[in-house]
1. For Glu32, state whether it is closer than 30 Å to Glu246 by Cβ, in contact with a strand residue (DSSP E or B) (Cβ under 7 Å, 6 or more places away or on another chain) and of a type in the set (Asp, Glu).
2. Scan region 447-466 residue by residue and report those that are open to solvent by 10 Å² or more (accessible area, probe 1.4 Å) and either under 19 Å from Gly334 (Cα atoms) or among the aromatic types (Phe, Trp, Tyr) (or both).
3. Only one of Arg315, Arg301, Arg293, Arg332 is under 35 Å from the mean Cα position of the chain (by Cα) and part of a loop (DSSP other than H, G, I, E, B); which?
4. Which of the residues belonging to region 193-220 are open to solvent by 30 Å² or more (accessible area, probe 1.4 Å) and either in a helix (DSSP H, G or I) or farther than 21 Å from Gly3 by Cα (or both)?
5. Within region 253-268, how many residues are crowded, with 24+ Cβ neighbours inside 10 Å and among the charged types (D, E, K, R)?
6. Restricted to region 270-289, and to residues that are under 21 Å from the mean Cα position of the chain (by Cα) and open to solvent by less than 50 Å² (accessible area, probe 1.4 Å), which residue is modelled with the lowest pLDDT?
7. Could you pull out the residue among Ser403, Ser396 that is open to solvent by less than 50 Å² (accessible area, probe 1.4 Å), small (Gly, Ala, Ser) and modelled with pLDDT of 95 or more?
8. Which one is farthest from Ser71 (Cα to Cα) among residues in region 12-27 that are among the hydrophobic types (A, V, I, L, M, F, W, C) and crowded, with 19+ Cβ neighbours inside 10 Å?
Amino acid sequence: MVGYLLPHPPVLIPEIGRGEEKKCQATLEALEKVADEIAEYKPEVIVIISPHAPVFSDAFFLNDKPEISGSLARWGVYGTEFRFKNNLEIVQDIAKMCSQEGLVAAFVSDKIQKRYGVSRELDHGALVPLYFITKKYKEFELIHTSYCMLDDIKLYKYGMILKRAIEKQGKRGLIVASGDLSHKLSYDGPYGFAKEGPEFDRLLVELLQSSNVRALYSIDPELSEKAAECGFRSIKVLLGAFEGYEVESKVYSYEGPFGVGYCVAAFYQKGEANSSLLDEIVKKREERLKKIRENEDEYIRLARESLEYYVRHRRYLDHIPDYVTERMLKERAGVFVSIKKDGNLRGCIGTIFPTQENIAKEIIRNAVAAGFHDPRFEEVREDELESLVYDVDILSPPEKVSSIDELDPKKYGVIVRKGTRQGLLLPDLEGVDTVEEQLRIACRKAGIDYESEDFEIERFTVERHK
């Protein structure tokens with residue numbers, strides 16, 4: 001098995017970049033080298049894992065159109081179209097194998113495509129790599145898929161399935177993990193700057209340069225989240241195709257001229273089957289969660305145990321645990337409980353003002369609400385409980401402000417009000433760096449037009465437990 005990590009900014013295509021692509025010369029030269037390698041390898045099937053194909057929370061998009069097509073028309077380039085034959089036998093085998101492993105491969109019907117605007121056309125995550133590959137080699141069938149927001153173990157297993165399905169058909173296969181690295185490398189870039197951006201890119205590139213792919217699974221999920229990358233999950237799916245073998249990785253280029261990291265890298269199967277990376281991933285995950293559990297304070301522990309009890313018994317915790325502090329029993333406050341799974345938000349519900357007789361009972365109620373009543377997510381299942389981590393924010397009483405000069409998005413949360421409409425945003429949120437951004441988001445949540453409507457503003461602080 002052979003695989004590649006390839007970036008996908010449309011600006012790389014000369015007809016789109018119109019000279020700007022020359023700022024990515026190292027990337028262009030690396031892509032040409034990869035295209036030469038692929039032409040020499042002569043794969044019969046290429047699987048492309050794109051972050052810009054439909055991405056679902058708990059299912060892997062799999063394109064089941066007999067012919068998969070796309071064009072550059074959305075970038076003003078007309079007459080350049082791409083058409084590839086799909087291997088529907090492999091697609092069906094992938095779906096069946098997913099079902100056997102407890103995973104879901106999701107097809108998008110014409111009806112769903114029309115109703116929800118979900119496209120099965122080739123997205124730029126697929127089109128950009130294919131543009132360079134097909135300049136040198138075209139004799140392949142294409143499998144068009146994406147990752148999903150499930151944990152590392154399931155992403156890895158999906159990669160294992162992709163390889164097995166290709167091998168079952170006796171085809172020579174190649175997998176492309178499409179993805180850019182951090183989108184937050186520069187204040188001048190379109191996505192701004194976060195210190196975690198260059199830190200994440202440096203770490204990932206160093207690990208790939210040294211073929212230390214096992215260590216990729218030790219990268220803190222919060223680091224990759226704050227770096228705002230879109231390729232890490234693609235890599236994790238790709239690596240599943242090498243299960244049982246050592247992997248030699250090679251970096252051909254890395255650069256970030258537009259504030260976004262572009263890395264071109266190759267992955268080669270090495271030696272005989274002798275070790276399981278899957279077992280290591282499972283162990284690392286267990287160790288990380290164990291460490292989190294061991295360091296929980298009383299607030300976090302109560303939130304976790306409250307939700308776990310409700311999931312298993314379908315009723316609220318009917319006793320206050322002995323470890324709950326006197327302050328939690330005597331004081332009242334608004335409380336927000338946030339739940340994350342593998343670095344991704346899984347639910348967040350809270351109260352601005354206290355609704356229960358003490359902080360402890362506020363936590364109990366809001367932990368259950370976060371797991372069961374956040375309209376953005378499905379109810380938490382019992383098989384997820386071991387994977388969840390929690391934050392608890394204790395809110396100070398809100399106070400009115402007369403000027404935005406009294407706000408600071410890192411220090412204060414905000415509440416905006418207009419009549420019966422109200423929106424709240426907690427402080428110190430990733431990606432919210434200015435007062436204007438904070439107020440715009442809060443207004444959007446309240447259904448208030450930030451530009452044209454007057455509204456009242458209150459601020460508050462939080463005592464954060466995580």
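The values are calculated or read from the model by the stated rules, or taken from the named source; none is laboratory data. Fair warning: this is a prediction, and the values are worked out from it, not measured in the lab. Cβ atoms come from the backbone with ideal geometry, glycine included; neighbour counts cover every protein chain shown. These accessible areas exclude ligands, DNA and RNA; they are computed on the full protein's heavy atoms, side chains included. Shrake-Rupley method; radii C 1.70, N 1.55, O 1.52, S 1.80 Å.
1. Working: closer than 30 Å to Glu246 by Cβ: yes; in contact with a strand residue (DSSP E or B) (Cβ under 7 Å, 6 or more places away or on another chain): no; of a type in the set (Asp, Glu): yes.
Considered against the rule, which asks whether it is closer than 30 Å to Glu246 by Cβ, in contact with a strand residue (DSSP E or B) (Cβ under 7 Å, 6 or more places away or on another chain) and of a type in the set (Asp, Glu), Glu32 comes out as no.
2. Across region 447-466, the qualifying residues are Tyr450, Phe455, Ile457, Glu458, Arg459, Thr461, Val462, Glu463, Arg464, His465, Lys466.
3. Values: Arg301 fails: part of a loop (DSSP other than H, G, I, E, B); Arg293 fails: part of a loop (DSSP other than H, G, I, E, B); Arg332 fails: under 35 Å from the mean Cα position of the chain (by Cα).
Answer to the check: Arg315.
4. Of the residues in region 193-220, the ones open to solvent by 30 Å² or more (accessible area, probe 1.4 Å) are 193, 195, 198-199, 202-203, 206, 209-212, 214, 218, 220.
Residues satisfying the conditions are Phe193, Lys195, Pro198, Glu199, Arg202, Leu203, Glu206, Gln209, Arg214, Ser218, Asp220.
5. Going through region 253-268 one residue at a time, the tally reaches 0.
6. Out of the qualifying residues, it is Arg285.
7. Step by step, each of Ser403, Ser396 is checked, and only Ser396 is open to solvent by less than 50 Å² (accessible area, probe 1.4 Å), small (Gly, Ala, Ser) and modelled with pLDDT of 95 or more.
8. Cys24
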